[in-house]
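S.K.: Handing you a structure now.
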Amino acid sequence: MNQMTSLEHHFLIAMPALENSWFEKTVIYLVEDNEHGSMGLVINLANKLNIQDLLDHFDLPTTHAENYLDKTVLIGGPVDLERGFILHESQGNWKSTMPLHDNLNMTVSEDFLEALSDGQISENFIVCLGFAGWEPGQLAQELQDNSWLTIPYNRSLLFETPIENRWEVALGTLGISPEFLSSEAGHA
C-alpha cells in the first residue's frame, strides 16, 4: 500500500457530485488529514450569527471589538455545531491552540474571544461553529469519486475573499469556471 499523501493545510472544493448534499458548493480548509481520518472547517457557509451575537452569548463586552461585531460566524461543518473553532494568524498565548502551517493557528478556547472583546485581536481570523470529519480512507474515496478538487492553502482566499465568493474564487485558482462544471463524470 502506498503511503498516504496528506492534504493537511489544503482546501477542498466541492464538485457537482455533491449537489443537493450538505456540502454543495463548499470550500473546506483541512486542519488534519492522516491515518486516523480527516477534519476540516467549511469557510464559505454563513451562520445567522455574527461576532456581536457570539460575544453577547459569552457575556463579553463589545465596546473594544466594534470593528468586528458585524463579522459573520461560519458554519464549519455538520458535526458538533455547538463547538467553536477559530482560524487565525499567530498571535497571543491561548489555552487551547493548535499551530498549523504558514503562521496559521486554530484555537478552540474562549480566551481568544475574551481578547477579541478587549480589542487585542488583529483582523485576520474566522470563527466557525461545527466541523467536517471523515473516517480513515473516507476522504480518499470521495476524492477518487470526483466529489472534491484540492488546492494548496491560500491566505487571501481564507482572509480576504468575501465569504459568498470563496467557492468561485477557489475554482478560479485552478482555471475552472463554475458554469463549465458537470455532475457527469467522464469514463472512457
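A short reminder: the numbers here are calculations on the coordinates, not readings from a lab. Owing to the predicted nature of the structure, the values given are computational and were not obtained by experimental measurement. Positions of Cβ are generated from backbone atoms using ideal geometry, with glycine treated the same way; all protein chains shown enter the neighbour counts.
S.K.: Out of segment 114-170, which GluC sites (Glu not before Pro) are coil in DSSP terms and have no more than 15 other C-beta atoms within 10 Å?
M.R.: Those that pass, being in a loop and sparsely packed, are Glu123, Glu160.
S.K.: A follow-up question, please. Based on Cβ point charges of +1 for Lys and Arg and -1 for Asp and Glu, what charge dipole magnitude is obtained for the chain about its Cα centre, in debye rounded to the nearest 20?
M.R.: On the way: 7 positive and 28 negative charges, 49 e Å.
Charge dipole, the chain, about its Cα centre: 240 debye, nearest 20.
S.K.: Counting only other residues whose beta carbon sits under 13 Å from that of Lys95, what net charge do I get with K and R as +1, D and E as -1? Intermediate values should be presented prior to the final figure.
M.R.: Details: positive: none; negative: Glu110, Asp111, Glu114.
The answer is -3.
S.K.: Dipole of the chain (Lys/Arg Cβ +1, Asp/Glu Cβ -1, origin at the Cα centre): which of Phe85, Val127, His9 lies farthest to the positive side?
M.R.: His9
S.K.: Shifting gears a bit: Remind me, what semi-axes does the chain give for its equivalent ellipsoid, largest first in whole Å, using sqrt of 5 times each Cα gyration tensor eigenvalue?
M.R.: Each semi-axis is √(5λ); the values are 30, 18, 14 Å.
S.K.: Give me Phe159, Phe11 ranked fewest to most by other Cβ atoms within 10 Å of their Cβ, as a rough exposure proxy.
M.R.: Ranking Phe159, Phe11 by Cβ neighbours within 10 Å, fewest first, gives Phe159, Phe11.
S.K.: On to the next question. Using the charge dipole of segment 10-180 (Lys, Arg: +1 at Cβ; Asp, Glu: -1 at Cβ; taken about the Cα centre), state which of Ile151, Phe58, Leu100 has its Cα farthest towards the positive end.
M.R.: Farthest towards the positive pole: Ile151.
S.K.: Roughly how many Å is it from the Cα centre of segment 114-188 to that of segment 37-112, as a whole number?
M.R.: 17 Å
S.K.: Determine Rg/Rh for segment 130-182; Rg is computed over alpha-carbon atoms and Rh is the Kirkwood hydrodynamic estimate from the same atoms.
M.R.: So for segment 130-182, dividing Rg by the Kirkwood Rh gives 1.00.
S.K.: Quick one: Val79, Val108, fewest Cβ neighbours within 10 Å first, how do they rank? Intermediate results must be reported in sequence, preceding the final value.
M.R.: Values: Val79 11, Val108 14.
Taking fewest neighbouring Cβ atoms as first place, the list is Val79, Val108.
S.K.: Let me ask you something else. How far apart, in nanometres, would the label points at Asp53 and Arg155 be if each is projected 7 angstrom from Cα along the Cα-to-Cβ direction?
M.R.: Result for the modelled spin labels: 3.1 nm.
S.K.: Full extension from Ile176 to Glu66: what is 0.36 nm times the residue separation minus their Cα-Cα distance, to one decimal in nm?
M.R.: Gain in length upon complete extension: 35.8 nm.
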